[in-house]
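For reference, the structure is listed below as structure tokens.
The values are calculated or read from the model by the stated rules, or taken from the named source; none is laboratory data. As the structure is a computational prediction, the values presented were derived from the model and not from experiment. For neighbour counting, all protein chains shown are included, and Cβ atoms are generated from backbone atoms with ideal geometry for every residue, glycine included.
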Amino acid sequence: MFFVPYLIMLREGLEAALIVVLIVSYLKKTGQTQWMKFVWIGVFSAAALCLIAGIVIEKTSGEFPQRQQELFEAIVGVIAVIMLTYMVFWMQRAAKNIHVQLREAMDQALSREQGKAQALVLMVFLAVAREGLESVFFLIAAFSQDVGIMAPAGAVSGLISAALIGLVIYRGSIRLPLDAFFRWTALFILFVAAGLAAGSVRAFHEAGLWNHWQDVAFNAGRILTTHSLFGTLMEGMFGYQEAPSVSEVTIYFAYLIPALVWFMYRSTKQKA
């Protein structure tokens, strides 16, 4: 499970990197580079908070008994679904005006008579921490389904890639089709979130809290088994199960269909 953590961290990291690039570029263009160090204080403080939060949650959850462990994974999965969904639709709404909003926030922070540095640090901290905490809950949910090295390697690689792309954009070396990137990754993330939702229902059942609709909906093992390479990839990326329960299939499509319809509707409305 390398690709999904890689893509999520690439997207989340790129969102955070673009915010930082916009702030730094604005300070540079307006001749206020003396405030640059406070931007980096906010960035590294937010990164430290997210790292500590992830370590604490991961270490604490490992001490739970089996049923509580399943319940914890189910709750984290639900939180990850909510945050991924929020991330997709927030970015869809804010993408075209984010630079204006950031400039207004910057002007407001730097126009204060006192506490300019604190206001700037807090603004950057909150912007980066929001992206980071979304990633923390997704990664905890992803790591609970894959105990190997590939998921952490994918997450770290995605974050490094996002930082490098952000640096390249800041240097003006390249202009990327970011609209297309965010649009297609958003669609992919909605499928990932649907798989996480189905996995959460399964974890609630294993925790003994959900015992309804547990009949097998279908068995696709002869067509695509999770022991095959492609089946393993589908399981890691989209939560594919060869013999899912009725409740898993129900929650999968109950989430995915409305989310896709709403996403397409908003995309069409924005283009119009």
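Considering (1) out of contact with any Ser or Thr (no Cβ under 8 Å at 6 or more places or on another chain); (2) in a helix (DSSP H, G or I); (3) farther than 22 Å from MET91 by Cα, say which one GLU235 fails and leave the rest.
(1)
Which ones in the stretch 220-250 are touching a residue at least 24 places away in the same chain (Cβ under 8 Å) and over 18 Å from ALA142 (Cβ atoms)?
ALA243, PRO244, SER245, VAL246, SER247, VAL249, THR250
Across the stretch 26-61, which residue is farthest from the chain's Cα centre (by Cα) among those that are of a type in the set (Ser, Thr, Tyr) and surrounded by 15 or more Cβ atoms within 10 Å (Cβ to Cβ)?
In this case the residue turns out to be TYR26.
Is it the case that GLN68 is of a type in the set (S, T, N, Q) and either at pLDDT below 80 or not in a helix (DSSP H, G or I) (or both)?
No; evaluated as a whole, the condition is false for this residue.
Might you let me know whether the stretch 180-194 holds any residue that is part of a loop (DSSP other than H, G, I, E, B) and at pLDDT below 85?
No, the stretch 180-194 has no match at all.
Going by the structure shown, is GLY236 buried (at least 17 other Cβ atoms within 10 Å of the Cβ), modelled with pLDDT under 75 and not polar (S, T, N, Q)?
yes
Do we have any residue at all in the stretch 150-166 that's at pLDDT below 80 and assigned to a helix (DSSP H, G or I)?
Yes, the stretch 150-166 contains at least one residue that is at pLDDT below 80 and assigned to a helix (DSSP H, G or I).
Can you report the number of residues in the stretch 27-65 which are closer than 28 Å to ALA193 by Cβ and part of a helix (DSSP H, G or I)?
Number of matching residues: 17.
For the stretch 119-128, which positions are touching a helix residue (DSSP H, G or I) at 6+ places or on another chain (Cβ under 6 Å) and in contact (Cβ under 8 Å) with a residue 12 or more places away in the chain?
Across the stretch 119-128, the qualifying residues are LEU120, VAL121, MET123, VAL124, PHE125, ALA127, VAL128.
Which residues, taken from the stretch 70-118, are within 30 Å of GLN32 (Cα to Cα), crowded, with 18+ Cβ neighbours inside 10 Å and free of Cβ contacts under 8 Å to residues at least 60 places away in the same chain?
ALA109 - this is the single residue of the stretch 70-118 that is within 30 Å of GLN32 (Cα to Cα), crowded, with 18+ Cβ neighbours inside 10 Å and free of Cβ contacts under 8 Å to residues at least 60 places away in the same chain.
Does VAL201 satisfy the condition of being out of contact with any helix residue (DSSP H, G or I) (no Cβ under 8 Å at 6 or more places or on another chain), surrounded by 12 or more Cβ atoms within 10 Å (Cβ to Cβ) and in contact (Cβ under 8 Å) with a residue 24 or more places away in the chain?
No; evaluated as a whole, the condition is false for this residue.
Does ALA259 qualify as being part of a helix (DSSP H, G or I), in contact with a Phe, Trp or Tyr (Cβ under 9 Å, 6 or more places away or on another chain), buried (at least 18 other Cβ atoms within 10 Å of the Cβ) and touching a residue at least 60 places away in the same chain (Cβ under 8 Å)?
For ALA259, the condition - part of a helix (DSSP H, G or I), in contact with a Phe, Trp or Tyr (Cβ under 9 Å, 6 or more places away or on another chain), buried (at least 18 other Cβ atoms within 10 Å of the Cβ) and touching a residue at least 60 places away in the same chain (Cβ under 8 Å) - is met.
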